[in-house]
1. Would you mind finding the one in PHE64, PHE68, PHE51 that is of a type in the set (Phe, Trp, Tyr) and under 13 Å from the mean Cα position of the chain (by Cα)?
2. If you go through the stretch 62-93 one residue at a time, how many are hydrophobic (A, V, I, L, M, F, W, C) and more than 15 Å from ASP14 (Cα to Cα)?
3. When only residues in the stretch 62-75 that are open to solvent by 50 Å² or more (accessible area, probe 1.4 Å) and assigned to a helix (DSSP H, G or I) count, which is nearest to ILE114 (Cα to Cα)?
4. How many residues are of a type in the set (Gly, Ala, Ser) and assigned to a helix (DSSP H, G or I) when one looks only at the stretch 25-61?
5. Mind counting the residues in the stretch 76-117 that are in a strand (DSSP E or B) and either at positive phi or exposed (fewer than 14 other Cβ atoms within 10 Å of the Cβ) (or both)?
Amino acid sequence: QNFDLMCEQVFKIDNMIRSVRVINSNGKMTAGGMRSGLKALEDAKKDEMLFMELSLRVRMRHEFDEEFGPVEFSLSHRGKIILISYPMGENVLFVTTERGLDLNRIPFEILKIIKNN
């Protein structure tokens, strides 16, 4: 899989997308980053903590797959931004966006990109 290409495709969906990152099972970023010209809201050290926690949380969400089906994405609508995570096998596609993003359309467009890669 070409994760860098996938990240580029996601960025092209909407200018409100702030960052697109692929995080591995160890919580390390393996592809992607911030949109050019934007600054992260958190510092690099907090990024590491966020990525490790995200990786762990995604792995734990498999507990109810039999009852509810597998998680396709999870969304967190926060005070400053929106966080969306997509399980991809051992990896996670982690997307941050501005508030006001079209939540009825954009998360599903990202899901299509993942399924087509």
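1. Working: PHE64 fails: under 13 Å from the mean Cα position of the chain (by Cα); PHE68 fails: under 13 Å from the mean Cα position of the chain (by Cα).
The unique qualifying residue is PHE51.
2. Applying the first criterion (hydrophobic (A, V, I, L, M, F, W, C)) to the stretch 62-93 yields 64, 68, 71, 73, 75, 81-84, 88, 92-93.
Filter again for more than 15 Å from ASP14 (Cα to Cα), leaving 64, 68, 71, 73, 75, 88, 92-93.
Counting residues in the stretch 62-93 that are hydrophobic (A, V, I, L, M, F, W, C) and more than 15 Å from ASP14 (Cα to Cα) gives 8.
3. Within the stretch 62-75, the match that is nearest to ILE114 (Cα to Cα) is HIS62.
4. First, pick out the residues of the stretch 25-61 that are of a type in the set (Gly, Ala, Ser): 25, 27, 31-33, 36-37, 40, 44, 55.
Next, from what is left, pick out any that are assigned to a helix (DSSP H, G or I): 44, 55.
Matching residues across the stretch 25-61 total 2.
5. Step one: of the stretch 76-117, the residues in a strand (DSSP E or B) are 76-77, 81-88, 91-98.
Now narrow it down to the ones that are either at positive phi or exposed (fewer than 14 other Cβ atoms within 10 Å of the Cβ) (or both): 76-77.
Residues in the stretch 76-117 being in a strand (DSSP E or B) and either at positive phi or exposed (fewer than 14 other Cβ atoms within 10 Å of the Cβ) (or both): 2 in total.
The values are calculated or read from the model by the stated rules, or taken from the named source; none is laboratory data. A quick note: this is a predicted structure, and the numbers were derived from the prediction, not measured. Cβ coordinates were reconstructed from backbone atoms using ideal geometry, including for glycine residues, and neighbour counts include every protein chain displayed. Accessible surface is based on the protein model in full, side chains and every heavy atom, while ligands, DNA and RNA are left aside. Shrake-Rupley method; radii C 1.70, N 1.55, O 1.52, S 1.80 Å.
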